[in-house]
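The values are calculated or read from the model by the stated rules, or taken from the named source; none is laboratory data. Fair warning: this is a prediction, and the values are worked out from it, not measured in the lab. Please note that ligands, DNA and RNA were not included when accessible areas were found on the heavy atoms of the full protein model with its side chains. Shrake-Rupley method; radii C 1.70, N 1.55, O 1.52, S 1.80 Å.
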Amino acid sequence: MKGLKAIFKRELGSYFDTPVAYVFIVIFLVLNGIFTFYVGGFFERGQADLAPFFEFHPWLYMFLIPAVSMRLWSEERKSGTLELILTLPVSLTASVVGKFLAAWVFTALALLGTIPIWVTVNYLGDPDNTVIAISYIGSLLMAGGFLSIGSCVSALTKNQVIAFVVSFIICLAFNLSGFPMVLDVFNAWAPQFVVEVIGSFSFLTHFDSIQKGVIDIRDLIFFASLIGFWLFANVLAIEFNKGD
Amino acid sequence: MKDTLLEVTGLSKSFSGLKAVNNISLTVERGEVLGFLGPNGAGKSTTMKMITGFLTPSEGNISVAGCNIKEMPLLAKRRIGYLPEGAPAYGEMTPMGFLHFIADIRDIPRTHKKARIDEVLEKIHLTQVAHQPIETLSKGYKRRVGIAQAIIHDPEILIMDEPTDGLDPNQKHEIRQLIKEMATEKAILISTHILEEVDSVCTRAIIIARGEVIFSGTPLELASKSSYHNAVTIMVDSGLEKEIQLMLEEITEIKDFEITPQKDFTRMTMKPKVGVTDLRQSIQAKLDSTVYGIHQLYVEEGRLDEVFRTMTRKHESGGIHRT
């Protein structure tokens with residue numbers, strides 16, 4: 001536990017030791033603003049809710065989260081600190097979880113930066129704040145899902161760019177798998193249950209219900225097990241590749 | 001009293017069929033500095049990586065202060081201080097921040113964490129740069145950060161992979177001094193391919209080539225393997241060497257002559273035949289009976305680099321996995 005805490009602390013601190021943190025937060029907030037107010041038509045809709053804000057999160061996370069996660073393990077590989085960390089008295093699982101949590105908390109901080117939008121909508125109208133709070137939690141859960149994918153992928157390479165691109169592709173696949181366009185391709189030839197399985201992996205579907213204020217235990221289990229699965233794969237990826 | 005802190009038996013490691021380390025056994029007692037020698041790619045780093053729990057051995061056992069690294073990895077890792085090759089560290093951190101991180105992971109109690117870090121910074125001469133990002137430091141300082149990190153918890157077993165590689169002579173001297181200071185209460189294993197290091201800091205040496213141990217003993221024993229062991233070297237006036245050689249050839253104990261002309265003098269080295277231990281006396285006696293002026297006469301202990309070369313050449317490796 002001590003080890004996990006130390007790893008977490010160092011990792012979170014390292015985001016702020018480099019300009020990465022600030023660049024990321026600024027881009028995240030600016031893009032959120034653009035999507036919500038221009039693309040999403042926040043004012044034009046004339047509705048006091050944050051649907052246009054949350055609606056774009058899966059797409060925003062798809063390429064911003066890989067930028068947060070790409071250095072998690074690839075940097076350790078490249079600089080040789082992987083050897084250091086694995087010879088310190090801390091278990092590999094604790095390191096993986098500690099680093100993941102640091103990246104997650106960092107994302108949460110960026111998300112906290114969007115609170116002014118929440119305040120704005122309260123100033124302009126009378127939104128259902130429970131729905132918004134649930135949506136925030138859902139958004140954070142989804143970010144965790146994307147992060148676990150990115151963390152695992154970054155454990156496979158020394159190269160951050162490769163880690164970024166591959167994570168982006170996988171995140172894209174997880175987003176698109178619920179899209180009618182994609183499902184139609186499978187509909188033509190695959191049995192119905194295959195189509196359903198593919199569709200059920202979509203972040204969009206799971207996030208959609210949460211975003212409407214519905215907490216379905218299945219959605220929570222989906223994200224939790226997804227994170228668990230990818231972090232487990234992350235541990236294996238390091239365990240079997242540490243010699244290179 | 002023997003106090004074996006590190007015991008390695010029958011250690012082997014293969015990478016995709018290639019044996020990088022083959023059946024290595026070694027022990028290090030408290031108070032010993034074991035020098036681990038070998039050409040590049042001989043398997044030194046791979047062995048150290050297995051001892052410190054980074055790589056999993058294909059075969060063999062490693063016991064660190066009584067803890068088996070396979071069965072109790074965390075307990076064993078707690079007893080070891082390790083400086084990996086190249087002294088990796090987080091570049092964006094300062095030595096101060098980095099040592100705090102290591103101290104936290106190593107579970108150094110909060111009450112004396114600060115004092116311990118200051119003490120180590122002082123000891124390794126890092127206080128001046130304690131607040132600069134590590135990536136901006138010179139190679140010598142980076143290496144020291146790595147050493148500081150390895151000794152922060154005052155480990156009983158210290159394992160250092162090429163601790164002086166790439167440092168200037170002053171820095172090398174300083175680090176060796178530090179190793180010697182710590183040697184009395186720890187078991188230390190250092191890898192190197194610098195032979196003077198073996199002479200100056202190690203109490204024992206092991207040479208490996210192609211993953212196998214080809215020598216194990218004290219630096220003196222190593223030197224005695226040299227064909228220069230007990231050889232006699234004299235300095236004579238240039239021009240006289242031919243006559244002197246003719247005269248000395250009468251001594252049957254001499255195996256061969258090596259003559260190196262220098263500026264004003266010529267150096268003559270006489271290697272003894274196998275089993276001859278007191279060549280000096282015969283040569284001295286012979287010279288005393290003549291009128292030739294001899295400027296210097298000394299007996300050689302043996303040349304480590306020569307032993308190293310002849311020993312490892314026999315095992316010359318062809319493109320083995322670089323570790």
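Restricting the calculation to Cα atoms, the protein assembly as shown yields a radius of gyration followed by a Dmax of 32.6, 118 Å. Between B:298, B:228, B:141, the residue with the greatest mean-square fluctuation in the GNM of chain B (Cα pairs under 10 Å linked by springs) is B:298. Need one word for chain A: rounded, prolate or oblate. Basis is the Cα gyration tensor (sqrt eigenvalues a ≥ b ≥ c); a/c below 1.5 gives rounded, then a/b vs b/c decides. Oblate shape, in that a/c is at least 1.5 and b/c is the bigger or equal ratio.
Averaging Cα coordinates gives a centre for segment A:104-146 and one for segment B:155-229; these two points are 59 Å apart. Once the Cα-Cα distance is subtracted from the 0.36 nm per residue extended length, the residue B:295 to residue B:114 segment shows a gain of 59.3 nm.
Counting only alpha carbon atoms, the long axis of helix B:95-105 and the longest principal axis of chain B meet at about 70°. With the cut-off at 24 Å, tell me which of the pairs B:139/B:180; A:158/B:70; B:123/B:186 have Cα atoms farther apart than that. Those over the limit are A:158/B:70. Mean-square fluctuations from a GNM of chain B, with a 10 angstrom spring cutoff on Cα atoms, peak among B:51, B:147, B:251 at B:251. Taking amide hydrogens as placed 1.01 Å from N in the peptide plane, the amide H of residue B:15 sits under 5 Å from those of B:20, each at least 5 positions away in sequence or on another chain. In the context of the full set of protein chains, chain B has a per residue accessible area of 45 Å² (1.4 Å probe).
Build a GNM of chain B with springs between Cα atoms under 10 Å apart, and of B:291, B:201, B:21 the one that fluctuates most is B:291.
Starting from the exponent 0.38 and prefactor 2.2 Å, build the expected Rg for segment B:4-223 from its residue count and divide its actual Cα Rg by it.
For segment B:4-223, the normalised Cα radius of gyration is 0.99.
Counting protein heavy atoms only, the protein assembly as shown has 59 percent of its accessible area on carbon and sulfur, 1.4 angstrom probe.
Most simply put, segment B:4-223 has about 55% antiparallel DSSP beta bridges, counting only bridges with both residues inside it.
DSSP bridge analysis restricted to the protein assembly as shown gives an antiparallel fraction near 70%, rounded to the nearest 5. Give the relative contact order (percent, whole number) for chain B; include only Cα pairs under 8 Å separated by 6+ residues. Across chain B, relative contact order equals 21 percent.
Residue separation times 0.36 nm, minus the C-alpha to C-alpha distance between residue A:115 and residue A:26: what's the value?
Fully extending the segment from residue A:115 to residue A:26 adds 30.6 nm.
Estimated at 0.36 nm per residue, the fully extended path between residue A:220 and residue A:5 surpasses their Cα-Cα distance by 74.9 nm. Based on protein heavy atoms only, segment A:1-155 ends up with 38 Å² per residue of surface accessible to a 1.4 Å probe.
With the Cα gyration tensor of segment A:117-202 giving a ≥ b ≥ c as the square roots of its eigenvalues, does the rule (a/c under 1.5 for rounded; else a/b larger than b/c for prolate; else oblate) give rounded, prolate or oblate? Judged from the Cα gyration tensor, segment A:117-202 comes out oblate (a/c at least 1.5, b/c at or above a/b).
Chains B and A: how much accessible area gets covered up at their contact, both sides added, probe 1.4 Å, in Å² to the nearest hundred?
Adding both sides of the contact gives about 2300 Å².
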